[in-house]
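All remarks here apply to the structure that follows.
Derivation of every value follows stated rules applied to the coordinates shown; laboratory data play no part. Please read these numbers as outputs of a predicted model, since none were measured by experiment. Don't worry about glycine lacking a Cβ; one is built from the backbone with ideal geometry, like all the others, and counts go over all protein chains shown.
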Amino acid sequence: MKTIDRARLQSLMEREQKKFVDERPKSKTLFERGRKSLLAGVPMNWMVKWAGAYPPFVREAQGAHLFDVDGHRYVDFCLGDTGAMTGHGPFATVKAAEEQMRRGITLMLPGEDAIFVAEELHKRFGLAYWQFALTATDANRFSIRLARQITGRPKILVFNWCYHGSVDESFITLQPDGTARVRRGNVGPPVDPSMTTKVVEFNDIAGLEAALAPGDVACVLAEPAMTNVGIVHPAIGYHQALRELTRKHGTLLLIDETHTICAGPGGYTRAENLEPDILVFGKAIGAGIPGAAYGFSREVADRITAHQSLEDSDVGGVGGTLAGNALSLAAMRATLTKVLTQDAFDRMIPLAERWTTGVAKAIVDAGLPWHVTRLGCRAEYLFAAEPPMNGREAHDAMDFELERFMHLYAMNRGILLTPFHNMALMAPQTETEDVDHHTKVFREALKELAA
């Protein structure tokens, strides 16, 4: 297997940075202007992580394509890091949002859309009762609070190198000696997360049981397959063990389907017949219009209701003024019924298979010790020969310098990948030609790296 010459990688990166800057003068002007009023020149700090000297500034986005202010057209495999998995501006959602905005945006009162969306989510995921938030982060936070309340237990459990938005309890990692510590880069944690959270490796059944045995864990917060550190699939039988152990120890199972909705209309839960107590679904649920949902089994809903206080219902740390607003619910209804349909997944998943096949062949032909993995309409390559079995193995396979080169090389040739890792997501509007263009560019990048 070949290895990457780091001096060559640096030289190639310098060439690509020059190409990026030379071809995007209008984005540079906007970035310099933005630095006078926006922290670091961007409206949200994650945007600094795009691989160019500055992010390309967007003129418009349509379907599976994006256009910057310098006139460049991109195949968008990032899709807002799943928020625009529906494609940008799907007609049905835009129409529903426009109509609802004329009738009112946020009302602090329910409408029929809320009932319809809850009924649709019940059909997809099997959970009986639902509530709404603006983000999956909030939905996870509220679910954790409710789990602690009804179990009377102080801690939650997460998997090493997990991702659940900006939930404080999840920014914790396992050290080589098995101790848990605050995750690198955690900004101003309110407390040491080891006070609130236990962490074990994904697919480690013995570690999971040992952590649950003391009886102090309110819920396990889990993606059914890890997605934000590369794709890590559950081992055969793992989900059965996870469900059996949580029930054995009186711990609730909270499944976060925000990214794994890529597996199908009912996410991984429906595809693999999982039985969570609580489920969260955000980002793509409203085609990018802020919204999220969190649902409960009938038994959990009954326990929550038994603890409710009418007088304190608005001051308990669950909910928010804009949560469940009319605009979000109209967008969710249209997206669920007309955009994220079975027909859409029947189109998107084969495209992800084609993307994966093309990348895998290019890796083999280049003789590099990399691999590519897929989950539904999401695919990702990692810089290791074998697929990881847990978060540590996936994290250890990451290579920041190499990742940035691959992203910048692709961006300079009209392809956007998620800037945080090597993820590609298919939209209903993605075309075979888009996938094949990525395969061609990916192969050219590997040829230059391995030369």
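Tabulated values for the structure
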| read-out | value |
| --- | --- |
| Mean residue ellipticity (222 nm) of the chain, computed from DSSP H runs ≥ 4 via -39,500 (n - 2.57), nearest 500 | -12500 deg cm²/dmol |
| Acute angle (nearest 10 degrees) that the helix 326-338 long axis makes with the longest principal axis of the chain, alpha-carbon atoms | 70 |
| Fraction of beta bridges assigned by DSSP in the stretch 91-338 that are antiparallel (%, nearest 5) | 45 |
| Shape call, the stretch 183-228: gyration tensor on alpha carbons, a/c limit 1.5 | oblate |
| Whether the stretch 50-192 is rounded, prolate or oblate, judged on the alpha carbon gyration tensor where a/c under 1.5 counts as rounded | oblate |
| Fraction of antiparallel bridges per DSSP, the chain only, in percent to nearest 5 | 60 |
| Value of relative contact order over the chain, rounded to a whole percent, pairs C-alpha under 8 Å and six or more apart | 24 |
| Among 42-53, 265-276, the order from most to least packed when residues are scored by Cβ within 10 Å on average | 265-276, 42-53 |
| Cross-link pairs Lys123/Lys155; Lys95/Lys283; Lys18/Lys447; Lys198/Lys283 - those with Cα-Cα distance over 28 Å | Lys123/Lys155 |
| Principal-axis tilt of helix 112-125 within the chain, Cα atoms, nearest 10 degrees | 80 |
| Neighbour net charge for Arg73 - beta-carbon separation under 12 angstrom, K R +1, D E -1 | -3 |
| The stretch 32-74: C-alpha gyration tensor shape, a/c 1.5 cut-off, then a/b vs b/c | prolate |
| Extreme residue, positive dipole direction of the stretch 46-168, given options Gly111, Phe67, Tyr163 (C-beta unit charges) | Tyr163 |
